[in-house]
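*Asks:* Dropping the structure in here first, questions after.
The values are calculated or read from the model by the stated rules, or taken from the named source; none is laboratory data. Source: prediction; values computed, not measured. Because the Cβ atoms are built from the backbone with ideal geometry, glycine has one as well, and the counts that use them run over all protein chains shown. Keep in mind that these areas ignore ligands, DNA and RNA; they rest on the heavy atoms of the full protein, side chains included. Shrake-Rupley method; radii C 1.70, N 1.55, O 1.52, S 1.80 Å.
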Amino acid sequence: MEGSEAIAEAMVAAGCRFFAGYPMTPFTEILEQMAKQLPPVGGVCMNAESELEAVGMAWGAAATGTPAATGSTGQGLSLMQESIAELAMARLPLVVLNMARAQGDYWQATRGGGHGDYRTPVLAPMDVPEAVELTQRAFHWAATWRNPVLVFGDYYLAHTSQSVDVQPIDFGPAPDVSWALDGSSGGSGRAKLVSPLGTQKQRDDVGYDLSEHYLACAAATHAMLKGIEPMAEVALCDDADVVVVAYGTPGRYIRAAVKALRERGVKAGYVRPITLLPFPTEAVARAAEGAKVVAVYENNQGQMVDDVRLAVLGRTPVSFIGGLSLDTSGFGIAPDLDVTILGDRIAGALS
Amino acid sequence: MTDVPVRFVPTDKAPTRAARMVDDFTPALIEVGEHHLCPGCGEPIAMRSVLEVIAELDVVQRSIAVFGIGCYTAFSNNLDLEVCQALHGRAPSVATGIKRAKPNTVVVTVQGDGDMVNEGLQEVLHTAARGESVTCIMLNNGVFGETGGHLTATTVLGQRTKNTLDGRDAEQHGYPILISNLIAQLEGAAYVARGAVNTAGNVSRTKRMITRAFETQLERRGFSFVEILTMCPTGWFIETEEAPAYLDDNLAAVHVGGVLKDW
């Protein structure tokens, strides 16, 4: 089935019962699918009047402990950033999909995009079967760490059809939702509060203590980043002269390009980051040991290359072999995603 | 000088009668009685009315309040009511998500004129148009009170604020938006009313409006909305005791009170 449909099925399988979105290519089909798939399972899909409202509605649903998601394309994600930042400070779980156009939103995804000192884990599937798994994992992480989690896809992922069987994945016991609102604690003297300004009720003469709250959020962020094992696919790097780093759809093409180079006798290997945050720093550093060069391919002007340089710390030269590759639509359909073109660039990085 | 006997309470003796509280004016749903709003502010009166209605309708254990950002946010963490704090302008969307996810809850939003009519105009209009089964309360004092008295979308013509020093001038600053009148035109809005808290009579009338708004939600008739004109002597730069009359002469002269729509 098509990626959008599979991702929607994966969300429903993960327990998602609330979705809100606003149409935008190439995200639109996910909204269509959620509108189709949620009502039969008792879920709600809202056709929000803007991305601002979509994320606001998802915020409200998330505050009730309902597994919720929203999404858009990078531009729409820009509109949502204020809420995503505050959702992290309100310690609310939410899955946010970015069906991006090309890969220009790496910094938006991994560097926050919004205000304040927060982090959102980012998962970048390379194809439909992996998206099915990672989307479900995103719900598990969001609920476990009470934090927004991003799934970073693209036009290819949304519109490619692959054979896939969506089954619910068991990630262990369901996380605690005793913090969630349903109205029932009203009048008890301990009525619940879900707020980006603090979780403590006013007592004596103290209002919201933002210092205390931000420190508590920082501790939660720290625990989350320590608790999430960075994920990456690493192959053929042990004897590699050139190690290529690429993620998402280009990561899939790089795998093929590296294998083709091996057949030509070029000692190439690759690291495909699956979590962009936390970044698989150690995997990249280990893979780079003994290599003559680390080549980074991204369909942008070079964003992840910063994280690769931070991982390698100058021990191996890092060469950027990516760059913008678009057709006239700007949706991210990339002429460069061709095994021969990529193979030549990888080999070129060695010379 | 006439010889008036000096009345004083001798402090070296215990009083003959122990002090007693005549009445506790704190509504049951407020956990901490003190707030940090200015003397003469109308928002605590409006909040009290909302809380009393929730208690009287016996929906305390089903209610979730969604707060915007303004002076009234002082009440978002001292209520014995479940609260979801929203961003500036976004409360109606958050309320939508709560209500749709948990249809048996009673959802009320509290926003000011800056929050709702400036930053969040689109959200409240669409929420009303969808006929969302929530109750939105808007505390309208015609200024950004929290920042110290600045122009909002409801500031009346001629009103002096910190960024309209010579008064709001239509040519330069445009005209005030009459939000209740706007919302009342939408099919999804079932109950729309504009009250005020500057006199005992108005407080009483406003409370009846709030009750009706909650009944609208409980009966699932559609979107319900109560705009409440509140005093802000600090943001109006007038004496506290002048504020109730100032409200009548200025704010209420443009934002005219009454029930605009009732199912």
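*Asks:* Ranked by accessible surface with a 1.4 Å probe, highest first, in what order do B:Asp80, A:Asp238, A:Asp170 come?
*Replies:* Ranking B:Asp80, A:Asp238, A:Asp170 by accessible area, largest first, yields A:Asp238, A:Asp170, B:Asp80.
*Asks:* A further question follows. To test your reading of the geometry: what angle, between 0 and 90 degrees and rounded to tens, separates the Cα axis of helix B:43-56 from the longest principal axis of chain B?
*Replies:* That helix lies at roughly 70 degrees to the long axis.
*Asks:* Residues of the range A:41-56 with accessible area at least 50 Å² lower in the all-protein-chain context than alone (1.4 Å probe)?
*Replies:* So the qualifying set is A:Met46, A:Glu49, A:Glu53.
*Asks:* I'd like the accessible area for A:Glu9: 1.4 Å probe, protein heavy atoms, all chains in place, Å² to the nearest 10.
*Replies:* The accessible area of A:Glu9 comes to roughly 60 Å².
*Asks:* Could you report the accessible area of A:Arg101 in Å², rounded to 10, computed with a 1.4 Å probe on the protein chains as they sit in the structure?
*Replies:* So the heavy atoms of A:Arg101 present about 60 Å² to solvent.
*Asks:* Considering chain A as a Gaussian network with a 10 Å cut-off on Cα pairs, which listed residue, A:Gly56, A:Gly21, A:Gly323, attains the greatest mean-square fluctuation?
*Replies:* Greatest mean-square fluctuation among the candidates belongs to A:Gly323.
*Asks:* Give the relative contact order (percent, whole number) for chain A; include only Cα pairs under 8 Å separated by 6+ residues.
*Replies:* 17 percent.
*Asks:* I would also like to ask the following. Peptide A:194-201: average number of partner chain Cβ atoms within 10 Å per residue?
*Replies:* 5
*Asks:* Right, next: Please name whichever of A:Ala35, A:Tyr118, A:Thr25 sits farthest to the positive end of the charge dipole of the range A:3-159, dipole taken about the Cα centre and charges placed at Cβ: Lys and Arg +1, Asp and Glu -1.
*Replies:* Of the candidates, A:Tyr118 comes out farthest on the positive side.
*Asks:* Just flag the chymotrypsin sites (Phe, Trp or Tyr not before Pro) in the range B:16-73 sitting in loop per DSSP whose Cβ has no more than 16 other Cβ atoms within 10 Å.
*Replies:* B:Phe25
*Asks:* How much of the DSSP bridge set in chain B is antiparallel, in percent, rounded to the nearest 5?
*Replies:* Percent antiparallel among DSSP bridges in chain B is about 20.
*Asks:* Alpha carbon centre of the range A:309-351 versus the range A:176-228: separation in Å?
*Replies:* With the range A:309-351 and the range A:176-228 each reduced to a Cα centre, they are spaced 44 Å.
*Asks:* May I ask for the net charge around A:Gly265, where only other residues with Cβ less than 13 Å from the Cβ of A:Gly265 are counted and Lys, Arg are +1 while Asp, Glu are -1?
*Replies:* +1
*Asks:* Considering only DSSP beta bridges where both residues belong to the protein assembly as shown, give the percentage that are antiparallel (nearest 5).
*Replies:* 20 percent
*Asks:* Computing the accessible area with a 1.4 Å probe over protein heavy atoms, can you report the carbon and sulfur percentage for the range A:42-199?
*Replies:* 50 percent
*Asks:* Over the range B:44-106, with the other protein chains present, what is the accessible area per residue in square angstrom, probe 1.4 angstrom?
*Replies:* Averaged over the residues of the range B:44-106, the accessible area is 23 Å².
*Asks:* At 222 nm, what helix-only mean residue ellipticity would the protein assembly as shown give, in deg cm²/dmol to the nearest 500, using -39500 (n - 2.57) for each DSSP H run of four or more?
*Replies:* -10500 deg cm²/dmol
*Asks:* Between the alpha-carbon centers of the range A:1-80 and the range B:61-92, tell me the distance in whole angstrom.
*Replies:* Using only Cα atoms, the two centres lie 25 Å from each other.
*Asks:* Which far-off residues, 5 or more places away or on another chain, put their amide H under 5 Å from the one on A:Met46, with H placed in the peptide plane?
*Replies:* Answer set, sorted by chain and number: A:Phe19, A:Ala20, A:Gly21.
*Asks:* What net charge is computed for the residues neighbouring A:Cys237, neighbours being all others with C-beta under 9 Å from the C-beta of A:Cys237, Lys and Arg scored +1, Asp and Glu -1?
*Replies:* With Lys, Arg at +1 and Asp, Glu at -1, the net is -2.
*Asks:* Let me ask another. Compare the peptides A:104-114, A:240-250 by average per-residue count of other Cβ atoms within 10 angstrom and give them in order, highest first.
*Replies:* In decreasing order of mean packing, A:104-114, A:240-250 become A:240-250, A:104-114.
*Asks:* Per residue, how many Å² of accessible area does the range A:126-265 show with a 1.4 Å probe?
*Replies:* Per residue, the range A:126-265 has 45 Å² of solvent-accessible surface.
*Asks:* If amide H atoms are built 1.01 Å from N in the plane of the peptide, which residues on other chains or at least 5 residues away come under 5 Å of the amide H of A:Leu276?
*Replies:* A:Val122, A:Leu123, A:Ala124
*Asks:* Would you work out if the protein assembly as shown is rounded, prolate or oblate? Take a ≥ b ≥ c from the square roots of the eigenvalues of the alpha-carbon gyration tensor; rounded if a/c is under 1.5, else prolate when a/b is larger than b/c, oblate otherwise.
*Replies:* Prolate, since a/c reaches 1.5 and a/b exceeds b/c.
*Asks:* Averaging over all projection directions, find the projected area of the Cα convex hull of the range A:232-348 and quote it in nm² with one decimal place.
*Replies:* Projected over every direction and averaged, the Cα hull of the range A:232-348 covers 6.4 nm².
*Asks:* Here is a further query. In Å², rounded to the nearest 100, what is the total accessible surface buried by chains B and A against each other with a 1.4 Å probe?
*Replies:* Between B and A, the summed buried area is about 3200 Å².
*Asks:* If the elastic network links every pair of Cα atoms under 10 Å, which of A:Met89, A:Met126, A:Met231 fluctuates the most in the Gaussian network model of chain A?
*Replies:* With Cα springs under 10 Å in chain A, the top fluctuation among A:Met89, A:Met126, A:Met231 is at A:Met231.
*Asks:* Return the residues of the range B:66-90 for which accessible area with all protein chains present is lower than in the chain on its own by 40 Å² or more; set the probe to 1.4 Å and exclude ligands, DNA and RNA.
*Replies:* B:Asn77, B:Asp80, B:Glu82, B:Val83, B:Cys84, B:Gln85, B:Leu87, B:Arg90
*Asks:* Another question, if that's okay. Using a 1.4 Å probe and ignoring any ligands, DNA or RNA, find the accessible area of A:Val266 and quote it in Å² to the nearest 10.
*Replies:* My reading of the accessible area for A:Val266 is about 30 Å².
*Asks:* Sticking with this structure for a sec: Ranked highest first by the average count of other Cβ atoms within 10 Å around their residues, in what order do B:36-46, A:146-156, A:127-137 fall?
*Replies:* A:146-156, A:127-137, B:36-46
*Asks:* Taking chain A as a Gaussian network, where each spring joins two C-alpha atoms under 10 Å apart, which residue of A:Ala158, A:Ala124, A:Ala311 fluctuates the most?
*Replies:* Looking only at A:Ala158, A:Ala124, A:Ala311, the largest GNM fluctuation is found for A:Ala311.
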